[in-house]
1. Would you mind giving the average projected area, over all directions, of the Cα convex hull of the stretch 59-99 in nm² with one decimal?
2. Beyond 26 Å, what share of the Cα-Cα pairs of the chain remains, rounded to the nearest whole percent?
3. Test of understanding: what is the full-extension gain from Ala171 to Val137, defined as 0.36 nm times their sequence separation minus their Cα-Cα distance?
4. How do Leu166, Leu78, Leu161 rank when sorted from fewest to most other Cβ atoms within 10 Å of their own Cβ?
5. If you line up the long axis of helix 155-175 against the longest principal axis of the chain, both from Cα atoms, how many degrees apart are they, to the nearest 10?
6. Can you tell me the length gained on complete extension of the stretch Arg65 to Thr93, counting 0.36 nm per residue apart and subtracting the Cα distance?
7. Taking only DSSP H segments of four or more residues, each worth -39500 (n - 2.57), what value at 222 nm results for the chain once the sum is divided by all its residues, to the nearest 500 deg cm²/dmol?
8. May I ask you to list the residues of the stretch 19-39 whose amide nitrogen lies under 14 Å from a point 7 Å from Cα along the Cα→beta-carbon direction of Leu46?
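Read-outs throughout are calculated quantities, based only on the coordinates presented, and are distinct from any laboratory measurement. The shown structure was predicted, so the numbers you read here are calculated from the model rather than taken from an experiment. Here the Cβ positions follow ideal geometry from the backbone for every residue, glycine too, while neighbour counts run over all protein chains shown.
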Amino acid sequence: MLFGILAEETPGLVVQPYWVLVAIVQFGLLFYLLQRFLWGPILRLLDARAQRIREGLEHAEAARREREQMRTEVERLLNEARREAAALSERATKAAEAAAADIRAQAKAEADRIRERGRSDAEQLHQQALAELRGEVASMAVLAAGRILGREVDLNAHRALIERSLDEAGAEIGRS
């Protein structure tokens, strides 16, 4: 009956201040313990992780900048190497052309020298053949004149006369 009376006297929910105070103290104690032993270490862990992430991002950014600088440097070096290669190729081409021109000039000079030597040799042989031919013609003419006259003629005097006549005739033929 006691329970029945109490049940009848309290219609609805009754808040007892003692239990409210106990709940507040328990909540405060739980809040303090959680903050001290759970949230503090978790927050320190999260702060350390955030710091590591920031450092990682900074390192990544520094690495990206360094990579960009290296790429720029590599491009500059490649362009410089290309320019040097082009200049070297140009110098080699000019040197080869100059060497080829020099070789052609030397070959032409050698050909001219050989041609001139051939001409002089041919001229010398021609003069030698003409001299022999004149000698033969002079001998034949002296022999023929001796037979026609029926006596022997002075070989040296007639030969000189005939050679002079042949020289004059050769000079006239050369002019015409």
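1. That works out to 2.3 nm².
2. 78 percent
3. 10.6 nm
4. Listed from fewest to most nearby Cβ atoms, that is Leu78, Leu161, Leu166.
5. Roughly 50 degrees between the two axes.
6. Contour length minus the Cα-Cα distance gives 5.9 nm.
7. -33000 deg cm²/dmol
8. Output list for this probe position: 35-36, 38-39.
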